[in-house]
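Below: one structure, written as structure tokens.
The values are calculated or read from the model by the stated rules, or taken from the named source; none is laboratory data. No experiment lies behind these values; they were computed from the predicted model shown. Note that each Cβ is placed from the backbone with ideal geometry, even for glycine, and that neighbours are counted across all protein chains shown. Surface accessibility is based on the protein's heavy atoms, side chains included, excluding ligands, DNA and RNA. Shrake-Rupley method; radii C 1.70, N 1.55, O 1.52, S 1.80 Å.
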Amino acid sequence: MNHLMAKIRKRGNDNKYRKITSDDNFYKLPEDLDNPIEYLPDHNLDEDSWFVISEFSKKPYCLDILKNNFESVEYLQLEKLEIDKIDFIFSYQDKNEYYFQRVLSSHIVSKKLLYIGDAFEFKENTKFIVINDIPDAIYLKDQDKLYFKKLTSITSIFKGIEELYKEATEEETREFLEQSFICLDQGFSSEKVKKSNRKRIALAMDTMKNFNSDEKKKIFDYIKDYCPNLERKKGAFVVKSDEDLKSILYGIDQRYYTTPVKNEKRIANSIIPINESFK
Amino acid sequence: MFLTLNATSLLIVIFLIKQHCIIINKAPNWVSYLIFISFPVLMTGSSLLCTRFLSTDSIEGNVKDLEHANNAYLPSYLGYFFVALSVPDVETLVFVFLILFVFTYFSQTIYFNPLFLLWKRHFYYVTTENNIKIFLITRKVLRKPSDVHFENLKRINNYTFIDNGGAKSESSDG
């Protein structure tokens, strides 16, 4: 049997899950779940693909309710007064599938409603929750895999999952910009680095750690080749804007390439290591 | 509410019998008594029909412990009977009944009613794997935790669930 559950915001250690209703199928298993991509913070997902986290139950941010067997009778019924406190809802279906959807205040609609069915029915001040066609996350228990499309939309459901979404802190950003191969100009400083570049800095710092000095030199030459517009001062790259910084970060990630036919120079907007995606 | 009324109405019946109340003058006393008793029995039966409108739940077999509770009502019910037998007049009855009614209603766990036994219902305490104890009313005869598997339970309140399914195979040994 299928059950729709809600997690409510509440203080204390009481059980915060409530049962909303049973029997109905709220979500359908998407057909495009095959070929998911193991989560990479820098990957831009295609419209029909999903990120996946394998062995999810072993992760620190996995919910206890997913680790235990599910029994709806263990949970209290959701009271009407608790509707405004709903944090997220999830639907337990076919003894294996859990569909999560976060509930923002915009999902709880309080409106006058004319129901158009066999008989018209007018209801004043009805409250309802909008159920999305596509859930924010899907957990398949038999595979122990969590599927999702956007990490930011599930950070409120799985507390601590944002650790996957690496973003350089202010300190790390400053440290990165102080390195010898970067020369700041025109008042550009770490405060002006935007979110997307902070993400890239976090990754680039990891990449740089694994480079020896020869490899670093190779990378800098490679950036010079592909970014002739990037100014240089005493061998360091001059960074005047977020855009300049992005060119260097793309270079460190080796995203520049030349097509074998016609020799067109290109930037890879999104990358997946090939053996990973064909696992 | 209705279930509480059913559970406590036996008190009134006992009182009426004790007072030798008679509704049909020509017939012997026991005919009237039978009519009195049949009221709560029929009401309980109809309440069983009403449970189909309650919200649905299920138990999928993740049960750690099962405890038979058919006899659990006895002490509290004997209490009711003694109260009914010692109530001197109608006025006292009304108050005693109201107090009992309110407590039964708010305690929410004593909704079970010995009259369900007449409708072949059995009572069980079920403890799930996560140590949550619920009260289950069913027609099935359950012997071990792995027997507990219900697809169509109805939620009477957050602790009490009722199963309206038949008991085809097990009914013989009940």
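Numbers for the structure displayed
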{"read-out": "Total charge dipole magnitude, segment A:168-265, about the Cα centre, Cβ charges on Lys, Arg, Asp, Glu only, Debye to nearest 20", "value": "260"}
{"read-out": "A:191, A:243, B:129, ranked by accessible area, largest first (probe 1.4 Å)", "value": "A:191, A:243, B:129"}
{"read-out": "Number of partner chain Cβ atoms within 10 Å, mean per residue of B:124-131", "value": "3"}
{"read-out": "Linear extension gain, residue A:164 paired with residue A:81, 0.36 nm per residue minus alpha-carbon span", "value": "26.4 nm"}
{"read-out": "Net charge contributed by nearby residues that have their C-beta within less than 10 Å of residue A:96 (K/R +1, D/E -1)", "value": "-1"}
{"read-out": "Helix B:2-18 vs. chain B, principal-axis angle (Cα, 0 to 90°, nearest 10)", "value": "30"}
{"read-out": "Cα gyration tensor shape of segment A:68-143, rounded if a/c is under 1.5, else prolate or oblate by comparing a/b with b/c", "value": "prolate"}
{"read-out": "Subset of A:85/A:159; A:28/A:159; A:195/A:218; A:150/A:192; A:95/A:127 violating a 20 Å alpha-carbon distance limit", "value": "A:28/A:159; A:195/A:218; A:150/A:192; A:95/A:127"}
{"read-out": "Using a Förster distance of 35 Å, the FRET efficiency for residue A:57-residue B:50 (Cβ separation, nearest 0.05)", "value": "0.25"}
{"read-out": "Highest to lowest packing among A:21-30, B:83-92, A:110-119, scored as the average C-beta count within 10 Å", "value": "A:21-30, B:83-92, A:110-119"}
{"read-out": "For q = 0.21 Å⁻¹, Debye-computed log10 I/I(0) when each Cα of segment A:168-265 counts as one equal scatterer", "value": "-1.11"}
{"read-out": "Theoretical ellipticity at 222 nm over chain A - DSSP helices of four or more residues, -39500 (n - 2.57) apiece, nearest 500", "value": "-5500 deg cm²/dmol"}
{"read-out": "Per-pair calculated FRET efficiency, R0 = 22 Å: residue A:124 and residue A:104 via Cβ, rounded to 0.05", "value": "0.40"}
{"read-out": "Accessible-area composition of segment A:168-265, carbon plus sulfur, in percent [1.4 Å probe]", "value": "45"}
{"read-out": "Positions from segment A:51-71 whose accessible area shrinks by 20 Å² or more when the full protein complex is built, not the chain alone, probe 1.4 Å", "value": "A:68, A:69, A:71"}
{"read-out": "Counted charge near residue B:163, where neighbours are those whose Cβ lies closer than 10 Å (Asp, Glu -1; Lys, Arg +1)", "value": "+2"}
{"read-out": "Cut-off 13 Å between beta-carbons: net charge of the residues surrounding residue B:97, Lys and Arg +1, Asp and Glu -1", "value": "-2"}
{"read-out": "Chains A and B, summed buried accessible surface - 1.4 Å probe, Å², nearest 100", "value": "1600"}
{"read-out": "Size of charge dipole - segment B:1-134 - debye, nearest 20, with Cβ of Lys, Arg +1 and Asp, Glu -1, no other charges", "value": "380"}
{"read-out": "CD proxy at 222 nm, helix term only [per DSSP H run n ≥ 4: -39500 (n - 2.57); per residue of chain B; nearest 500]", "value": "-14000 deg cm²/dmol"}
